[in-house]
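Reading through the structure tokens given below for one structure.
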Amino acid sequence: MKFIITCFLSLFILLSPAYSDLVITSFDPTVVFSGTGASEQADMDAALGITGYTIEDFEDSTLVDGFKFGPEGVTPSSDTTGLGNPNNPFTQAVWDGNVSFLFDSQIGPSVFQFNNAASVGIGVGDIETNIRMFVNGNDFGLIRDFLNYNRTSDNNREIYIRVDANSGDVINTVTFVSDLQGGNGGDGLFIDHVAFLESSVPEPSTWLGLILASLCFWVKRKSLSV
Ligand SMILES: [Ca+2]
Ligand SMILES: [Ca+2]
Ligand SMILES: [Ca+2]
Ligand SMILES: [Ca+2]
């Protein structure tokens, strides 16, 4: 019995998400963004470390496979019609193409959903209030306090945020929560150039878990057979 408990405890520890494996790197738009031309965009992607990533540019209402968006509590959607500000699309705070997507943080926490991504990036603009960012439910604090946040003018690009899952961890949700939520105001946020790279290999912890489970099973069987 003690052996089984030890096995289960080891499995639980191995499969628990490791908070410290999520690393945020953020960029000042005035440093990385120079325009929406092809070569300017290639240079920007290289500077952001997202070359080769799948990109959602929000130029239409359909989201690319592997990325969904929506208010918390509602099943995230792969189509932005009816989500965010009804006046979408907007030409402000553009990180690519001609338009960006505006959502109002007053509608509730907004969830960016990915499918076991190893790394994700989000171009953000026009944060006037305190917007807090969570990754896989872990609180990373106010976006305005992130390194390289730069509010040059109203309704403009302010920060590009990249989150990397290290040590085989994966990213499934990035959530923006307004401190004003439930209060009298909300804050419209522009997002654009959402980038992600899906994890191609099972997490090391998953492999370790499987190996440990097999080992526990094998030892248990062996001890029963004698
Ligand atoms: Ca765009
Ligand atoms: Ca699209
Ligand atoms: Ca504004
Ligand atoms: Ca705003």
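Residues whose amide H falls under 5 Å from that of ASN85, counting only those 5 or more places apart or on a different chain, are LEU102, PHE103, ASP104, with hydrogens built in the peptide plane.
Normalised by the number of residues in segment 18-201, the mean separation of alpha-carbon contacts (under 8 Å, six or more apart) gives a relative contact order of 32 percent. With N the number of residues in segment 18-201, Rg(Cα) / (2.2 N^0.38 Å) evaluates to 0.94. Packing order of peptides 38-47, 154-163, 190-199, 130-139, highest average first: 190-199, 154-163, 130-139, 38-47 (average count of other Cβ atoms within 10 Å over each peptide's residues). Relative to the Cα centre, the charge distribution of segment 18-201, modelled as +1 at Lys and Arg Cβ and -1 at Asp and Glu Cβ, gives a dipole magnitude of about 260 debye. Shown in residue order for segment 109-121 are the 3J(HN,Hα) couplings computed by the Karplus curve 6.51 cos²θ - 1.76 cosθ + 1.60 at θ = phi - 60°: x, 9, 10, 9, 10, 10, 10, 6, 7, 7, 7, 9, x Hz (x for Gly and Pro). Here the Karplus relation 6.51 cos²θ - 1.76 cosθ + 1.60, evaluated at θ = phi - 60°, turns the backbone of segment 55-65 into coupling constants of 10, 9, 9, 6, 6, 10, 8, 8, 8, 5, 4 Hz, with x for every Gly and Pro.
If you take all other residues with their beta carbon under 10 Å from the beta carbon of ARG151, and give Lys and Arg +1 and Asp and Glu -1, the sum is -2. Check SER77: other-chain or 5+ apart residues with amide H under 5 Å from its amide H, H built from backbone geometry? Hits under the 5 Å cutoff: PHE69, GLY70.
Counting Lys and Arg as +1 and Asp and Glu as -1 over every other residue whose Cβ lies under 10 Å from the Cβ of GLY66, the net charge comes to -2. The residues packed around PRO89, meaning those with a beta-carbon under 12 Å from its beta-carbon, carry a net charge of -4 if Lys and Arg are +1 and Asp and Glu are -1. Sequentially through segment 136-149, phi angles give Karplus couplings (6.51, -1.76, 1.60; θ = phi - 60°) of 6, x, 8, 6, 9, x, 6, 4, 5, 8, 5, 4, 6, 4 Hz, Gly and Pro residues having no value and appearing as x.
No value in this document is a laboratory result; all are computed from the given coordinates. Computed from a prediction, not measured in an experiment: that's the story for all the values here. We place every Cβ from the backbone using ideal geometry, glycine too, and count neighbours over all the protein chains shown.
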